[in-house]
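The values are calculated or read from the model by the stated rules, or taken from the named source; none is laboratory data. This is a predicted model, so every value here is computed, not measured. Glycine also receives a Cβ, built like all others from the backbone with ideal geometry; neighbour counts cover every protein chain displayed.
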Amino acid sequence: MKKNVRNIFGLINQSIYPVKKFLSKLEFHLSVTIAFVICSLCIFSCTRTANVYIYKHAEATSEFPEAYLDLPSVGICFSGGGSHAMAAAIGQMKGISVLELWDDIGYMSAVSGGSWAATIFTYYNKGAKNDHQLLGDTIAPDQLTMEKLKYLPEGFMIKAVTKDLTLNLLKLLAENEISFSLLEKSDFIWIDAIGLTFLEQYGLYDRENPKYYTLNKETRKSILNRNPHLKAQDFNLVHEGDSNRPFLVINSSVVAPASDLPLSPPEKLSVFNYTPLYIGSNVANRIVDTTIFDPHLVDFQVGGGFIEPFGFGSESPQISKLPEGGNGPYEVTINLPKDRFGIVDATGTSSSAFGAIASSSLLLQIPTELFLGFTADQLLPEEEYWPFSKDGGIIPSRKFRYSDGGNLENYGLISLLQRGVQNIVVFINTDVPLEIVQDTCNLIPSTNNIDGDLLPLFGYPYVDEINNQVFKKSDFDTVYRGLVDAKLANQTVMTKTELTTVANDLWGIDSGQVVNILWVYNDQVPEWECQLPDSVQYEINLGNKGLFADFPNYKLIGETTFPKLINLSTQQANLLFQLSAWNVYSNHKIFKKFIRRKN
């Protein structure tokens, strides 16, 4: 009996032994796996931790972070306006290059389509061998044949204007739907479309390997010294090797915390700047608004300071207030966000023109929810953001939505006024022809006779631009008369004015600041057109029946055939490029005297 029992236990033990051995191995593997996971989490946590510079708001122009660069007090503004604004800006950049004026320009402020061109010019690292290839060749108007207008040399930035943004948007929307937002998040759709269409060929967009950006090798070295786990190849730098690059200010606008959308119109937008050294908004503003679906008060803070670009999108640091005195830089520890904030995010956000409508239109929310599975406001770019209070306190971060800078101020002019720039060229690359009104004494400014984004600067509200007055109303007539006189003379539509600011607390503009502005308005120039070959003039004169309908005031949407909608044809883009370049280099005396004047 005992023998049988021993045999039975022996058999059981033999049966259990492999199980015990398996469990032992499993326990070992689990231990190793758990240890690996813990180590990985520790390493990941360590690599996410970063030391970043932040700045309190600048109370004087000398306190902006770039003040140490000692920039010339001259700036240029490239307005928004989609593809036609980009084409015009490329031409204007070429004109400046022809006149060799880049070394005399301290700032370049850009919005939307203007920012697409300015971003590529400032940061490109491939796709063109040099600035000459990037900005193309000027052609004398009498030599500008239809055949030459079809030509796009390698590397020429105008090629980007002809690419199909609409198709890329549709592809990314489909990717979002098919993958249930796993492969393409709704708030990335616009950003990725801008990257694919305009920036990828110039080394500024890589969906699989995104990069941060900073000013130069010195600022990158500073970042790497503070954060050894980051690598030099993790950053895009401002282009070197050709002409000087002005300090770029890309303008977008803050809409509201994502959880508070959609808001009741009109939105109370706040400016947001992206520069090579910092991101943020200088003036701390408290915004009070109401929502559409649940009409309760929304109360949030925007602005009041800046953060280095590679740290933007992080949650707020574990400090409540910065030291008294001075505005920085202050070094704080943050956890880097999972998604790197790159130059594509900055210029993409600056051009998300649908943002103002999507964030406040009840009519858009329901259809997009039905057909796309998310409300329209969820298409707006989204980033974690922590503002500063007026006393230097750090407000806990929230996810905010952002939109086109042109929804707030379409020239980027006020951002340069904040920085005290004394001489500014404003390129108004508009789709609205200037109307000639002889009796300006009884003129009622409107979008029927001039670009609507000019009006709010002089106290005439336009759409959401209701708090942008920085000049006296009476000064509008001076600017308008100057532009009209130039148009009546069949010349480049531009005028020089010396203006004095009025106070604007929302933007932080003091009264009494004197600024010289050269306004350059996109419009027909008979002096140039009459030199064109007959075949080109014929097509222009055909109007809507010709190849150059609406030239040079191409519409934002619809100048090319469905479904492309947003881009321009090669001939359309080249013709606008050549006119815009000619407007600068043919007026060389005016531009050289204005830009090279003593500051």
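Pairing residues of segment 114-129 that are farther than 13 Å from Phe427 by Cβ with residues that are polar (S, T, N, Q), at Cβ distances under 7 Å and at least 6 apart in sequence or on separate chains, gives Trp116/Thr347; Trp116/Ser351; Thr119/Thr347; Tyr123/Asn236; Asn125/Asn236; Gly127/Gln201. If you go through segment 278-303 and keep only what is touching a Gly at 6+ places or on another chain (Cβ under 8 Å) and either surrounded by fewer than 23 Cβ atoms within 10 Å (Cβ to Cβ) or assigned to a helix (DSSP H, G or I) (or both), you end up with Val283, Ala284, Asn285. Residues that are of a type in the set (Phe, Trp, Tyr), in contact with a helix residue (DSSP H, G or I) (Cβ under 9 Å, 6 or more places away or on another chain) and at pLDDT below 95 occur in segment 178-193; there is at least one.
The listed residues are Asn236, Asn168, and the only one of them that is modelled with pLDDT of 95 or more and surrounded by 16 or more Cβ atoms within 10 Å (Cβ to Cβ) turns out to be Asn236. Can Gln491 be described as buried (at least 17 other Cβ atoms within 10 Å of the Cβ) and on the phi < 0 side of the Ramachandran plot? So Gln491 fails the test. Take the conditions under 23 Å from Lys148 (Cα atoms), in contact with a Ser or Thr (Cβ under 7 Å, 6 or more places away or on another chain) and either in contact (Cβ under 8 Å) with a residue 40 or more places away in the chain or β-branched (Val, Ile, Thr) (or both) and apply them to Asn587. Does it pass? No. In segment 485-504, the residues that are without any contact (Cβ under 8 Å) to a residue 12 or more places away in the chain and under 29 Å from Gln418 (Cα atoms) reach residues that are of a type in the set (A, V, I, L, M, F, W, C) and part of a strand (DSSP E or B) with C-beta atoms within less than 9 angstrom, at least six apart or across chains, in these pairs: Ala503/Ile509.
Once segment 59-83 is narrowed to residues that are outside any strand (DSSP E or B) and in contact with a Pro (Cβ under 8 Å, 6 or more places away or on another chain), the residue that is farthest from Ile105 (Cα to Cα) is Pro65.
Using the structure shown, decide if Ser511 is assigned to a loop (DSSP other than H, G, I, E, B) and either surrounded by 18 or more Cβ atoms within 10 Å (Cβ to Cβ) or modelled with pLDDT of 95 or more (or both). Taking the combined requirement at face value, the residue satisfies it. Pairs meeting the criteria (first residue in segment 411-427 and under 23 Å from Val493 (Cα atoms), second residue acidic (Asp, Glu), beta carbons under 9 Å, at least 6 apart or on different chains) are Tyr411/Asp453.
Taken together, the residues in segment 378-393 that are in a strand (DSSP E or B), buried (at least 24 other Cβ atoms within 10 Å of the Cβ) and within 19 Å of the chain's Cα centre (by Cα) amount to 1. For segment 470-495, a residue qualifies if it is out of contact with any strand residue (DSSP E or B) (no Cβ under 6 Å at 6 or more places or on another chain) and in a loop (DSSP other than H, G, I, E, B), and the qualifying residues are Lys472, Lys473, Ala489, Asn490, Gln491, Thr492.
Screening Phe272 against (1) within 23 Å of the chain's Cα centre (by Cα); (2) assigned to a loop (DSSP other than H, G, I, E, B) leaves a single unmet condition, (2).
Please indicate, with yes or no, whether at least one residue in segment 541-552 is surrounded by 18 or more Cβ atoms within 10 Å (Cβ to Cβ), within 31 Å of the chain's Cα centre (by Cα) and within 19 Å of Ile424 (Cα to Cα).
Within segment 541-552, the subset surrounded by 18 or more Cβ atoms within 10 Å (Cβ to Cβ) is 548, 551-552.
Now restrict to residues that are within 31 Å of the chain's Cα centre (by Cα): 548, 551-552.
Narrowing further to those that are within 19 Å of Ile424 (Cα to Cα): none.
Looking for residues that are surrounded by 18 or more Cβ atoms within 10 Å (Cβ to Cβ), within 31 Å of the chain's Cα centre (by Cα) and within 19 Å of Ile424 (Cα to Cα), one finds none in segment 541-552, hence no.
Quick check on Thr349: is it surrounded by 12 or more Cβ atoms within 10 Å (Cβ to Cβ), in contact with a Leu (Cβ under 7 Å, 6 or more places away or on another chain) and either without any contact (Cβ under 8 Å) to a residue 40 or more places away in the chain or of a type in the set (Val, Ile, Thr) (or both)? No, not satisfied. The set of residues in segment 36-59 being at pLDDT 50 or above and not charged (D, E, K, R) consists of Thr47, Thr49, Ala50, Asn51, Val52, Tyr53, Ile54, Tyr55, His57, Ala58. So for segment 224-236 (the condition being in contact with an Asp or Glu (Cβ under 6 Å, 6 or more places away or on another chain) and in a helix (DSSP H, G or I)), does at least one residue qualify? No; the residues of segment 224-236 include none that is in contact with an Asp or Glu (Cβ under 6 Å, 6 or more places away or on another chain) and in a helix (DSSP H, G or I). Do we have any residue at all in segment 112-121 that's touching a helix residue (DSSP H, G or I) at 6+ places or on another chain (Cβ under 9 Å) and more than 24 Å from Gly75 (Cβ to Cβ)? No, that holds for no residue.
For segment 394-411, give me each residue that is in contact with a helix residue (DSSP H, G or I) (Cβ under 7 Å, 6 or more places away or on another chain) and surrounded by fewer than 24 Cβ atoms within 10 Å (Cβ to Cβ). Reasoning before the result, please.
The initial filter retains those residues of segment 394-411 that are in contact with a helix residue (DSSP H, G or I) (Cβ under 7 Å, 6 or more places away or on another chain), namely 399-407, 410-411.
If the condition is that a residue be in contact with a helix residue (DSSP H, G or I) (Cβ under 7 Å, 6 or more places away or on another chain) and surrounded by fewer than 24 Cβ atoms within 10 Å (Cβ to Cβ), then Lys399 is the only one that fits.
Evaluated against (1) among the polar types (S, T, N, Q); (2) closer than 22 Å to Val426 by Cβ; (3) out of contact with any strand residue (DSSP E or B) (no Cβ under 6 Å at 6 or more places or on another chain); (4) not in a loop (DSSP other than H, G, I, E, B), Gln524 falls short on exactly one condition, (4).
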